[in-house]
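The values are calculated or read from the model by the stated rules, or taken from the named source; none is laboratory data. The shown structure was predicted, so the numbers you read here are calculated from the model rather than taken from an experiment. We place every Cβ from the backbone using ideal geometry, glycine too, and count neighbours over all the protein chains shown.
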Amino acid sequence: MSPGKKARLYRIAESRYGFLVSPANTLARTVSDLSTIANTLVPESNTSSRPRSSEKGYCPVLIVEDDADLREMMAQLVALEGYQAHTVANGREALDYLRHSQRPEIILLDLMMPVMDGWEFRREQRKDPAIADVPVVVLSALDPSRGADIGAVEFLKKPLDFDHLLALVRQYCP
């Protein structure tokens, strides 16, 4: 993870969640700290239970990102906001998740991934009526015009503005 991304994470963690992350900490330590705080603030729930969309903590968010550090950081930030974060590393895993697990309220989708990229994932998602209407926010370092035909509700350019990302999650997970 770049120093700029780490610095933004430190600022978000300090301003939003009341703790300071030392630049001397490794990313693994930072993610571990966020995980501990998230588990304290948002206890794990049984994802096989019946949907309760009126409960903030129930709202599932699917994060599809091949960069493990970024995927984990986004999951922790989403969890700190009180939502259920589910993560997968590529489009194939995302389709498997959507077809066999809990339906998310929103999908945060990277475009450039191994196995199955974001474009192919969206083509397959749109073909399946059971999952076609799940809203997708594209996250990519590419020019937004490269994702114009993907049918996303929003395109966020990397490096990510985490406040904007969380605002979008709140929009779909009231």
Considering only segment 137-152, state which residues are exposed (fewer than 14 other Cβ atoms within 10 Å of the Cβ) and under 16 Å from the mean Cα position of the chain (by Cα). ALA141
Boolean, LEU109 is under 17 Å from ALA167 (Cα atoms) and either charged (D, E, K, R) or touching a Lys or Arg at 6+ places or on another chain (Cβ under 9 Å) (or both): yes
Looking at segment 106-118 only, could you name the residues that are buried (at least 20 other Cβ atoms within 10 Å of the Cβ) and not aliphatic (A, V, I, L, M)? ASP110, GLY118
Which of the numbered conditions does ASP96 fail, given that it passes all the others? Conditions: (1) more than 17 Å from PHE162 (Cβ to Cβ); (2) surrounded by fewer than 21 Cβ atoms within 10 Å (Cβ to Cβ); (3) at pLDDT 50 or above; (4) touching a Gly at 6+ places or on another chain (Cβ under 7 Å). (4)
